[in-house]
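Working notes, beginning with the structure itself.
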Amino acid sequence: MLTCFFFFFFKQKTAYEMLRSLVGSEMCIRDRYQRRVRGTAGTTMVSSRLLLIFVIGCLAMADGSDAPAPTPSPGCSTWDGECVSPYPGVDFLHPKIHQSPDCLHLSGWHDVAGAITVGGEHHVFQGCPSSQGWSHSVSSDLVHWEDRGRGVHSIHETYEGMDSNITPCSGFVTVDDHATPCAGFRQCGSNNGTTGLNPQAHAWDVPMELRCAENSNLTSWSEPIWIYPAYFYRPLPYDPVRPWKDTDGMWYSSWSTDGCNATTKKSPCAAGGQLELLASPALHGPGMDWKTLAPLFTTNMTKSGNLTSPGAITAEFVTSGYFGGLPGDPDGGSTRVITQNNGGPTFWVGKQSGPGQPFEAYWDRVGAVGHYDYGSLTMARTLGSDPNQVAKNGRKVLVGWIGGAVGSQSLGRDLSLSPEYELVQQFVPELQSLRQPGSLEHQRVTASERSQVVVHSAGSLQLEILATFSWSVLPVEPFGITLLGGVANITIDCTKNRQESPCMVTTPSEGPVLPIGTSKVVVHAILDHEILETIVNNRTGMVTYHTDIPSANSTGVNLFLEQGVTAEIATWTLEAANNAGPQP
């Protein structure tokens, strides 16, 4: 017997490119596989979210690389099975520091569907639609991660006329007034909408729901708790941000749409993306009374360095985040940040005039609006010292999905604000625990009157790099670091005089060197086999993949310097931390 479910969303970002082959006229669920191309606004995400017809037994498509597709075990197709799906390619390409649960090696979207710190543990949930649920990784130190399987998973839901047995879409994890962690989301698809609530409901009109944890490990979850309905003129996943209790004692919830539901009801939407806003005295249970307020934020613009790009967003926001209380906030914690991923992994720093009020971005401040990554990191969320990541001051750690059909979890990045409201990011200091004793190699090179290549070290496939470059006269040729025996370069180029910034960094992803006009560049990078994460001046991040490493011995590290550039570099070989073998 052939069983079909009808899914409902087709999403186009700033450009559209089909990245999987059709099986006849049918396609697997909610594809968020992505590639990025360089555009006028920095980096433009080229990705698709397709929800057409899923046929049980549809084939996982190739990811476009030369690596052989993984062969998953039968347990990978069920939320409660043991999933063994090897990372593709030869072993020396496999990451040993980044967490990479086996179900992330299967096709489909791997957004960070929820993230939270509770009970002394950091929990990261990533979408695994091929396994019918969210993967669940847990760490006590943000370095070593345990895979606890797929706890939040598909069940047959029939609330008020809906008929769905599909993987939960991207959502959130919060903590309610009873100190119970609750996961929330909408179903990714349904045969019918909630016609019992609204006879005119479309198939995609299904409500926001919670499932609250039934144990301290966050591996067992309650039956659905319905909190409010959602209606829109076209199919959307409605990616919600984490609900928060604000300083007025009210709960607030926001979900991702475009800005045309009340106007043209057409896509592309000239108004851009939008965050809806609702308020309630309680998250759920007695006292719950969700009311719709004016939208939290609407924009079609992104920004990269000094370059603003109107019209870069013409559809709904994707996997949005909202947080505040960052370390370094000039306003003592009242500044807020929005993140989303349509038109690139973007952010806006700004403020609400009070709880329940619209958000206003600081467009006039360079570095307060931009991209949180210019490479393969996307769909990120935050976790930290308090589950309330909006109204409570404390640590905010960004964690996201890197890669494509074969995904991994990014390294944690601590977020803060500069005195100028720039969003600042740096690798969590806990990663320094992986530095092998005695592996430090340090070198300082004074400014030369000519270009030169300086051999630094034999390097490693697991390497931390910290390099500083400075100059008194703007360099007339590119300079930087070569890694992996020349396979990978981190290049600073101050010759193009871009509107974004006079200097750009390339890895080969490209982003602006900030602050504008600086004469000093600090490069902090962590190499984990084929994955390279780079942060420049604690402002410009980029994750890149280097699958063309010829051998396990291609590890050499050199500096290539231009006239007048002083350099200092330190490297450490790193211990392995994750992915020692198959996990649940």
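Observations on the model:
- Karplus-derived HN-Hα couplings along the stretch 482-490 (A = 6.51, B = -1.76, C = 1.60, θ = phi - 60°), whole Hz, x at Gly and Pro: 10, 10, 6, x, x, 5, 10, 10, 10
- Positive-pole candidate from Leu197, Trp226, Val175, dipole of the stretch 161-266, charges at beta carbon: Leu197
- Computed from the C-beta positions of Asp141 and Asp364, the FRET efficiency with R₀ = 45 Å rounds to 0.70.
- Compared with the alpha-carbon gap, the fully stretched path from Ala282 to Asn393 is longer by 37.8 nm at 0.36 nm per residue.
- Excluding ligands, DNA and RNA, the accessible surface per residue across the chain is 35 Å² with a 1.4 Å probe.
- Centroid-to-centroid, using Cα positions, the stretch 201-267 and the stretch 440-457 are 54 Å apart.
- Counting 0.36 nm for each residue step from Asp91 to Asp248 and taking away their Cα separation leaves a gain of 51.2 nm.
- In straight-distance terms, cross-link reach from Lys520 covers every one of the lysines whose alpha-carbon lies under 25 Å from its own, apart from those fewer than eight places away in the same chain; here that gives Lys303, Lys496.
- Total charge dipole magnitude, the chain, about the Cα centre, Cβ charges on Lys, Arg, Asp, Glu only, Debye to nearest 20: 1100 debye
- Fully extending the segment from Glu121 to Ser216 would add 33.2 nm, taking 0.36 nm per residue of separation and subtracting the current Cα-Cα distance.
- In whole percents, the pair-distance distribution calculated for the stretch 242-281 from its alpha-carbon pairs, binned every 10 Å from zero, is 29, 36, 25, 10.
- Packing-based ranking, highest mean first, of 95-106, 420-431 given that Cβ atoms within 10 Å are counted: 95-106, 420-431
- More than 13 angstrom apart: percent of Cα pairs within the stretch 355-411: 71 percent
- From the C-alpha gyration tensor of the stretch 251-373, square roots of 5λ in Å: 24, 20, 11
- Of all accessible heavy-atom area on the stretch 131-202, the percent that carbon and sulfur account for (1.4 Å): 42 percent
- Packing here is the average count of other Cβ atoms within 10 Å per residue, and on that basis the peptides 306-318, 352-364, 290-302, highest first, run 306-318, 290-302, 352-364.
- Dipole axis of the stretch 458-538 (+1 Lys, Arg; -1 Asp, Glu on Cβ), positive-most option in Ser472, Thr495, Gly485: Ser472
- From the alpha carbon centroid of the stretch 510-565 to that of the stretch 335-365 is 28 Å.
- In plain terms, the C-alpha convex hull of the chain casts an average shadow of 24.9 nm² when viewed from every direction.
- Karplus-derived HN-Hα couplings along the stretch 322-330 (A = 6.51, B = -1.76, C = 1.60, θ = phi - 60°), whole Hz, x at Gly and Pro: 8, 7, x, x, 6, x, x, 4, x
- Percent carbon-and-sulfur accessible area, the stretch 221-361, ignoring ligands, DNA and RNA, probe 1.4 Å: 56 percent
- In straight-distance terms, cross-link reach from Lys291 covers every one of the lysines whose alpha-carbon lies under 29 Å from its own, apart from those fewer than eight places away in the same chain; here that gives Lys11, Lys245, Lys265, Lys266, Lys351, Lys392, Lys396.
- Sites Thr495 and Gln443, calculated FRET efficiency, Cβ-Cβ separation with R0 22 Å, nearest 0.05: 0.30
- Rounded FRET efficiency, nearest 0.05, which uses the C-beta distance separating Thr308 from Gln357 and R0 of 30 Å: 0.80
- Radius of gyration and Dmax over the Cα atoms of the stretch 222-301, both given in Å: 13.8, 40
The values are calculated or read from the model by the stated rules, or taken from the named source; none is laboratory data. Keep in mind that this is a model prediction, so the values were computed, not measured. Cβ sites come from the backbone with ideal geometry, for glycine too, and all protein chains shown count toward neighbours. Please note that ligands, DNA and RNA were not included when accessible areas were found on the heavy atoms of the full protein model with its side chains. Shrake-Rupley method; radii C 1.70, N 1.55, O 1.52, S 1.80 Å.
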